[in-house]
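**Student:** Please find one structure pasted underneath; my questions will follow.
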């Protein structure tokens, strides 16, 4: 009988592929589409929607995004609880059905009230089909290779820039309404079948995380990472109450919440802002494409680095790269400067999500991963609610974007300190 060998990616050769990697592939494609059309891509709609139904006010359009952030803040803990209880598949399917309806309804709006109502429904769908659910699905299937799995999955948003550039072209060709309606239909056709691939956890199917056979190391006892990592806490060794009484968790949540303030505003206004810096709509869309592609090496590298080195250092390095990218963004006057911004900030942002999720999984385990991530997402939403409105209001009154974006990114220096001083959890 041939002996099966295991590659460094946890794939059994030659007989079968560990099912967790199919979930990673599904997550990659879902993140590519949902991020491209529902997160990065919205920046392309800000100006045309504002000019069509909001009297040119960017603040009015940004308020819709803030409503989405508020809705996500409320739903985050609920979604985290549900995904830990019933698994990701049903939530994702429901989310993409609702999201498709939301996109179509937004395309039909004729005034601000209708726009807000339709966008709230869209936000509900995007929340149920969000990276919180997808990341939890992937995290539950991996332990030793969690960073790599998340890194591969989050390559999806790195390719989302192609969708953003395509959205810019479609808006110029067909208008923003037909483009939004087409996105809604595409969400049903593409995302629902992909969501059906996801599964809850390997133990329910007689498997172990990473495709490992049942051993003492994978039976729920803590194991020590190599490369200076903190101890992995798996299964049900700790309860959510213990984590919520731990100061370190709130230090982690605070750091990510402050980081999200600047990023949430930047991702909405980067295309309108780049146009005020002297770029054409096409050049601004190209800059966003480069920004997302720039995140690809960051996402992939951070996954491998997070599995080998202290995840706190990897996450702090990601924040530093974002600050370097911000400098190029605020000083750009042409496409060359925008390209430098896209590469540097893209790498920094690309490094952030895989490393922070791997850090959370390492510190507090995977059994309550969804609930903790939901709490963190909900708490971080408060800063994300106000920052887009602030930037939109500032532009409406001062006709420039640089000052508010700079102010929102200054707390990132404190975020670096908070992550580097994050202590290892002590339970038991």
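**Student:** When the residues of region 338-381 are filtered to those that are more than 23 Å from residue 88 (Cβ to Cβ) and over 16 Å from the mean Cα position of the chain (by Cα), which remaining residue is surrounded by the fewest Cβ atoms within 10 Å (Cβ to Cβ)?
**Tutor:** So the residue we want is 339.
**Student:** Could you tell me whether residue 346 is touching a residue at least 12 places away in the same chain (Cβ under 8 Å), within 17 Å of residue 132 (Cα to Cα) and assigned to a helix (DSSP H, G or I)? Talk me through it step by step, then tell me what you get.
**Tutor:** Values: touching a residue at least 12 places away in the same chain (Cβ under 8 Å): yes; within 17 Å of residue 132 (Cα to Cα): no; assigned to a helix (DSSP H, G or I): yes.
Judged against the criteria, residue 346 is not a match.
**Student:** Looking at region 323-337, which of the residues that are assigned to a helix (DSSP H, G or I) and more than 22 Å from the chain's Cα centre (by Cα) is nearest to residue 266 (Cα to Cα)?
**Tutor:** Result: 330.
**Student:** Among (1) outside any helix (DSSP H, G or I); (2) modelled with pLDDT under 85; (3) surrounded by 24 or more Cβ atoms within 10 Å (Cβ to Cβ), there is one condition residue 144 misses while meeting the rest; what is its number?
**Tutor:** Only one criterion is unmet by residue 144, namely (3).
**Student:** Right, here's the next one. Check off (1) under 27 Å from residue 65 (Cβ atoms); (2) at pLDDT 85 or above; (3) touching a helix residue (DSSP H, G or I) at 6+ places or on another chain (Cβ under 8 Å); (4) part of a helix (DSSP H, G or I) for residue 279 and give me the number that stays unchecked.
**Tutor:** (4)
**Student:** Mind listing whichever residues of region 246-268 are within 12 Å of residue 423 (Cβ to Cβ) and modelled with pLDDT under 85?
**Tutor:** Hits for region 246-268 are 246, 247, 248, 249.
**Student:** Within region 385-411, which residues are in a helix (DSSP H, G or I) and within 23 Å of residue 312 (Cα to Cα)? Show your work before the answer.
**Tutor:** Restricting attention to region 385-411, the residues satisfying the condition of being in a helix (DSSP H, G or I) are 385-398, 402-409.
Those that are in a helix (DSSP H, G or I) and within 23 Å of residue 312 (Cα to Cα): 408, 409.
**Student:** Now for a separate question. Within region 139-146, can one find any residue that is under 21 Å from residue 370 (Cα atoms) and in contact with a strand residue (DSSP E or B) (Cβ under 7 Å, 6 or more places away or on another chain)? Break it down stepwise before answering.
**Tutor:** Filtering region 139-146 down to residues under 21 Å from residue 370 (Cα atoms) leaves 139-146.
From what's left, in contact with a strand residue (DSSP E or B) (Cβ under 7 Å, 6 or more places away or on another chain): 143.
The answer is yes, given that some residue of region 139-146 is under 21 Å from residue 370 (Cα atoms) and in contact with a strand residue (DSSP E or B) (Cβ under 7 Å, 6 or more places away or on another chain).
**Student:** Tell me which of these residue 108 doesn't satisfy, since it passes every other one: (1) more than 24 Å from the chain's Cα centre (by Cα); (2) surrounded by 17 or more Cβ atoms within 10 Å (Cβ to Cβ); (3) at pLDDT 90 or above.
**Tutor:** With respect to (1) more than 24 Å from the chain's Cα centre (by Cα); (2) surrounded by 17 or more Cβ atoms within 10 Å (Cβ to Cβ); (3) at pLDDT 90 or above, residue 108 is out only on (2).
**Student:** For region 222-244, state whether one or more residues are at pLDDT 85 or above and either surrounded by 15 or more Cβ atoms within 10 Å (Cβ to Cβ) or touching a helix residue (DSSP H, G or I) at 6+ places or on another chain (Cβ under 9 Å) (or both). First the steps, then the outcome.
**Tutor:** Filtering region 222-244 down to residues at pLDDT 85 or above leaves none.
Checked against the condition, which is being at pLDDT 85 or above and either surrounded by 15 or more Cβ atoms within 10 Å (Cβ to Cβ) or touching a helix residue (DSSP H, G or I) at 6+ places or on another chain (Cβ under 9 Å) (or both), region 222-244 yields no hits at all.
**Student:** Working carefully through the options 134, 49, find the one that is farther than 27 Å from residue 391 by Cβ and crowded, with 21+ Cβ neighbours inside 10 Å. Working first, answer last.
**Tutor:** Details: 49 fails: farther than 27 Å from residue 391 by Cβ.
On inspection, the qualifying residue turns out to be 134.
**Student:** From the set of residues in region 199-220 that are over 28 Å from residue 82 (Cβ atoms) and modelled with pLDDT under 55, which is surrounded by the fewest Cβ atoms within 10 Å (Cβ to Cβ)?
**Tutor:** Pass one, region 199-220, residues over 28 Å from residue 82 (Cβ atoms): 213-217.
Restricting the remaining residues to those that are modelled with pLDDT under 55 gives 216-217.
Numbers: 216: 8, 217: 15.
If we take residues in region 199-220 being over 28 Å from residue 82 (Cβ atoms) and modelled with pLDDT under 55, then 216 is surrounded by the fewest Cβ atoms within 10 Å (Cβ to Cβ).
**Student:** Just to be sure before I move on: is residue 327 at pLDDT below 85, under 19 Å from residue 262 (Cα atoms) and surrounded by fewer than 20 Cβ atoms within 10 Å (Cβ to Cβ) in the structure I sent? I'd like the intermediate steps shown before the answer.
**Tutor:** Working: at pLDDT below 85: no; under 19 Å from residue 262 (Cα atoms): yes; surrounded by fewer than 20 Cβ atoms within 10 Å (Cβ to Cβ): yes.
No: the conditions fail for residue 327.
**Student:** On to the next question. Look at residue 192 and say whether it is outside any helix (DSSP H, G or I), at pLDDT 80 or above and more than 30 Å from residue 283 (Cβ to Cβ).
**Tutor:** Numbers: outside any helix (DSSP H, G or I): no; at pLDDT 80 or above: yes; more than 30 Å from residue 283 (Cβ to Cβ): yes.
Judged against the criteria, residue 192 is not a match.
**Student:** Here's something else I'd like to know. Does residue 123 satisfy the condition of being out of contact with any strand residue (DSSP E or B) (no Cβ under 6 Å at 6 or more places or on another chain), free of Cβ contacts under 8 Å to residues at least 60 places away in the same chain and farther than 15 Å from residue 32 by Cα?
**Tutor:** yes
The values are calculated or read from the model by the stated rules, or taken from the named source; none is laboratory data. Source: prediction; values computed, not measured. Backbone-built Cβ (ideal geometry, glycine too); neighbour counts: all protein chains shown.
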